[in-house]
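One structure is given here, and the rest of the page talks about it.
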Amino acid sequence: MTELPSTAKAVIIGGGIIGCSTAYHLAKLGWTDTVLLERKKLTSGTTFHAAGLVGQLRSNANITQLLGYSVDLYKKLEEETGLGTGWKMNGGLRLACNEERWTEVKRQATTAHSFGLDMQLLTPKEAQELWPLMDISDVIGAAFLPTDGQANPSDITQALAKGARMAGAKIFEDTKVTDLEIENGKIRAVITEHGRIECEKVIVCAGQWTRDFAAKFGVNVPLVPMEHQYMVTEPFGVPGDLPTLRDPDRLTYYKEEVGGLVMGGYEPNPIPWAVNGIPQGFHYTLLDSNFDHFEQIMELSLGRVPALENAGIKTLTNGPESFTPDGNFIVGEAPELKNFFVGAGFNAFGIASGGGAGMVLAEWAAKGEPPFDLWSADIRRFGRPHFDTDWVRTRTVEAYGKHYTMAWPHEEHDSGRPCRKSPLYDTLKDQGACFGEKLGWERPNWYADASLGETPKDEYSFGRQNWFAAVGREHKAAREAAVLFDQTSFAKFALKGPDALAAMNWICANDVDKPVSALVYTQMLNDKGGIECDLTVGRVAHDEFYIVTGTGYATHDFDWISRNIPDGMNCQLFDITSSNAVLSLMGPKARDILAAVTRDDVSNEGFKFGTIRTIGIAGCPVQALRVTYVGELGWELHLPVEYAQTVYAALMEAGAPHGLINAGYRAIESLRLEKGYRAWGSDIGADHTPFESGLGWAVKLRKNIAFKGREAAAAQKENGVKKMLACFTVDPDVVLLGRETIYRNGERVGWLTSGGYGHTVGQSIGYGYVRNPDGVDADYVMGGDYELEVATERVSAKIHLQPLYDPSMARVKA
């Protein structure tokens, strides 16, 4: 064995497809002093037994782009390295066997068109011509993506490893990593059974071993291994150019293999593996075939491929795969430990993701940020519940079982609930709340009225769902009277210290150097000018700021702020989310109600919009923030959790004469769409800038203050933009969900980032970026004729750059 180097710039732990791809891409970036360590042999963990289907389409544009990169890489890898990869671009078929599934497939086809993929809709007969082995008696339609394909997982990994070596990386097998050397929170070295390697960065691509390994260093990687089985038949004349086939209504998938078929599936009752830990020495190892458990999948497949009944079974492969609680993989730099990167939890599409995931990890490690926004796969999307392996496993079992079930709009998970509860949970449940869940928090989505025969349970469909009328009532009350939202789940931070202002001035794009009691809406930008955080900052003391952001962004935003406090500055960031409940009182009657429960002056002169003050309500010191996300007069009331019941009761009693009612997050969504407020993670994010998204007014370029992202923002303001966020309205009967394709004068120019319905304007509303490589301005945007493609059908749309509701802000500032 070649002697281990004593130093390296980066050390990759794990020699599966993700690790080898990362080594390949780092070496291509010029990091030739990259070392990959594999405890046994390359591919010997889970890569060797992967099924090898390579599909591209996901519900997120950038994940689809990542998978598309894999396809482009696999096309040329054999020529580059001289090693076969088994790559075949034979296309991929997806079937629909009922009307709801056909609607889903048509919406997926529109998503594909939005993202530049040529997904074609086929009749059952056309699908059968591509896949002659199948019975189509129950098929309504199909979709075909010609650029999908399949690969041999071990061969493609070995080709990536050879490419990495050719570019200068070093790979060592039979070299187990036993520890990391960490000094003052900084990685110094990797310790192996054969010696120590000093290094700057560690990239852990250790598959199902990643969670336990990372936990030794305080890093949380929420994944668990699950048993996954597929059958390989003896050859029976299957043509070599047969497309891959996914049959979600029968929970099964298929690919050709040496004249036979690989057939596997995702059963609704999956079996977790290694609940008490992965056995020592587990490599190139399969689990015992479980024919009894696979029987349900086999029976479903026989209805589609009758020839399987007489085909010989070569093997029934049962191998553990890493799955995550939300079905997305995990990449990025760990928030708990600088320069510790993770690429794991690929939910059985690691081969499809391998090329792109390695590219992303390499860029992230080498350049300090990913090449594009990867929020849906970012390790920082997780939070407190995900530290508990039992909770992670419970949710992951549900996610696995839903792999091929209908992906309903607005669908909620059922497992592991309730986990985190507001002090008002039981009270609101008694009043008809139908709860959703985010980052473990139970949050009221809408309220059922028992007197109307409503029950607080979602009934899913692709049309207007059963809560539509209830949300309409809540929306109307917010516009005409008042509503109370329980938003206790908001993430809440305190930044304290002598240098708190200087730190915030650097991190925030807007000017936060305001008097005590000022409340500022601001973005935090990356060096490309992209929006990393979108939040509210209140100055509560000369040396203290109160920061409020969305529930799901708690880990991400805390990490972004803490990492970007300049070295040497004396201030500390604290997560105080669990300390405060939040009741948001919104609507034209909000002032009347608030005035009835406090002696403090809440008049417009006494309590202006954009301020934060402590007021007294029912014996409670309440931090009141005059701000809104629904486009009405209102206050967010932040208060110690022990007062929540008392303050809630006082508000509801005082509000009764004014028509105050409870309202939920689905009403918030409807209200904010009308008002044109942006949502981070969909309308705005790391790939979108303030000047592209209509938020340039919140960037302090007029002041001579340095801040992160200033140069990029200034350049964009000077030179213009190539995309611009706009509002689209269509007939109220058209259901907009997001990802619908935008056409300007007949040409595709983008897709919707969010969609819903505005109950005041009586129209379906969507937001999306109009793109033009030669530049976009307001005249260009407003000068076109627009259509939206919705489930493959085009509908006429009107475009707007001003909010549909109260564009003058008169109601908000009343």
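The values are calculated or read from the model by the stated rules, or taken from the named source; none is laboratory data. Fair warning: this is a prediction, and the values are worked out from it, not measured in the lab. Every residue, glycine as well, gets a Cβ built from its backbone with ideal geometry; the counts of neighbours run over all protein chains shown. Remember, those area values only see protein heavy atoms, side chains included, never the ligands or the DNA or RNA. Shrake-Rupley method; radii C 1.70, N 1.55, O 1.52, S 1.80 Å.
Quick one: helix 468-480 against the long Cα principal axis of the chain, what's the angle to the nearest 10°, folded into 0 to 90? Between helix and principal axis, roughly 30 degrees. At q = 0.25 Å⁻¹, what base-10 log of I(q)/I(0) does the Debye formula yield for segment 256-312 when every alpha carbon is treated as an equal point scatterer in vacuo? Relative scattering, expressed as log10 I(q)/I(0), comes to -1.14.
Working note: Karplus 6.51/-1.76/1.60 with θ = phi - 60° gives segment 454-466 the couplings 7, 10, x, 8, 5, 10, 7, 6, 8, x, 5, 7, 5 Hz, where Gly and Pro are set to x. Stokes-Einstein, applied to the Kirkwood radius of segment 29-76 over Cα pairs at a viscosity of 1.567 mPa s and 4 °C, places its translational diffusion at 95 µm² s⁻¹. For segment 751-814, the Cα-based Rg and Dmax, in that order, read 13.9, 44 Å.
Binning all Cα-Cα separations of segment 631-755 at 10 Å, short to long from zero, yields these whole-percent fractions: 9, 29, 26, 22, 13, 2. Remark on segment 467-535: hydrodynamic radius 15.4 angstrom, per the Kirkwood mean of 1/r across alpha carbon pairs. Evaluated with a Cβ-only charge set (Lys, Arg +1; Asp, Glu -1), segment 683-758 carries a dipole of roughly 560 debye about its Cα centre, given to the nearest 20. Convex hull volume of the C-alpha atoms in segment 316-357, normalised per residue: 95 Å³. Accessible area of D33 (1.4 Å probe, protein heavy atoms only, ligands and nucleic acids ignored): about 70 Å².
Computing Rg and the Kirkwood Rh from the Cα coordinates of segment 343-468 gives a ratio, Rg/Rh, of 1.06. Orientation-averaged projection of segment 536-680 equals 9.7 nm² [convex hull of Cα atoms, one quarter of hull surface area]. The mean accessible area for residues of segment 258-311, using a 1.4 Å probe and ignoring ligands and nucleic acids, is 51 Å² per residue.
For segment 72-212, the Cα-based Rg and Dmax, in that order, read 22.7, 65 Å.
Looking at the chain, the DSSP beta bridges with both ends there are about 85 percent antiparallel. Average 1/r across all pairs of distinct alpha carbons in segment 639-706, invert it, and you get the Kirkwood radius: 15.9 Å. Among S154, S808, S289, S754, the order of accessible area from largest down is S808, S289, S154, S754, computed with a 1.4 Å probe on protein heavy atoms.
M298 exposes around 40 Å² of accessible area when a 1.4 Å probe is run over every protein chain in place. Rg ratio for segment 437-569: its Cα radius of gyration over 2.2 N^0.38 Å, N being its residue count, equals 1.38.
The accessible surface of the chain, taken with every protein chain in place and a 1.4 Å probe, is 49 percent carbon and sulfur. Compared with the dominant principal axis of the Cα atoms in the chain, helix 389-401 is inclined by about 70°. Each label point was placed 7 Å from the Cα along the Cα-to-Cβ direction; for R748 and F387 their separation is 4.5 nm. Taking the Cα atoms of segment 1-144, the ratio Rg/Rh between the radius of gyration and the Kirkwood radius comes to 1.10. Sorted from greatest to least, the principal axis extents spanned by the alpha carbons of segment 187-265 come out as 56, 28, 19 Å. Annotation note: trypsin sites (Lys or Arg not before Pro) in segment 209-269 located in DSSP loop regions with a Cβ neighbour count of at most 16 within 10 Å are K216.
Angle of helix 153-166 to the longest C-alpha principal axis of the chain, folded into 0 to 90 degrees and rounded to 10: 80°. Please sort by residue number the GluC sites (Glu not before Pro) in segment 153-197 whose DSSP state is loop and whose Cβ has at most 14 other Cβ atoms within 10 Å. For GluC sites (Glu not before Pro) across segment 153-197 that sit outside H, G, I, E and B with at most 14 neighbouring Cβ atoms in 10 Å, the list reads E193. The alpha-carbon positions of segment 331-401 define a convex hull whose volume is 93 Å³ per residue. Summed over all non-identical Cα pairs, the Kirkwood treatment of segment 205-350 gives a radius of 16.9 Å.
Backbone amide hydrogens, once placed in the peptide plane, bring F346 within less than 5 Å of S322, excluding anything fewer than 5 places away on its chain. Accessible surface computed residue by residue for segment 595-717, with neighbouring protein chains in place and a 1.4 Å probe, gives 38 Å² per residue. When the convex hull of its Cα atoms is viewed from all sides, segment 159-232 shows a mean projected area of 7.3 nm². Beyond 45 Å, the tail of the calculated P(r) for the chain holds 27 percent of the Cα pairs. For segment 22-75, the solvent-accessible area works out to 29 Å² per residue, with a probe of 1.4 Å and every protein chain left in place. Radius of gyration over Kirkwood radius for segment 691-814, both on Cα atoms: the Rg/Rh ratio is 1.02.
Put +1 on the Cβ of each Lys and Arg and -1 on the Cβ of each Asp and Glu in the chain; which of P153, T549, V331 then has its Cα farthest toward the positive end of the dipole? Checking the options against the dipole of the chain, the answer is T549.
Less than 5 angstrom separates the built amide H of G676 from those of L804, all sequence-distant by 5 or more or on a different chain.
Restricting the calculation to Cα atoms, segment 506-551 yields a radius of gyration followed by a Dmax of 10.8, 32 Å.
Once divided by 2.2 N^0.38 Å, the Cα radius of gyration of segment 374-435 becomes 1.33.
Residues whose amide H comes within less than 5 Å of that of A581, counting only those at least five positions distant or on another chain, are L639, V641 (H built at 1.01 Å from N in the peptide plane).
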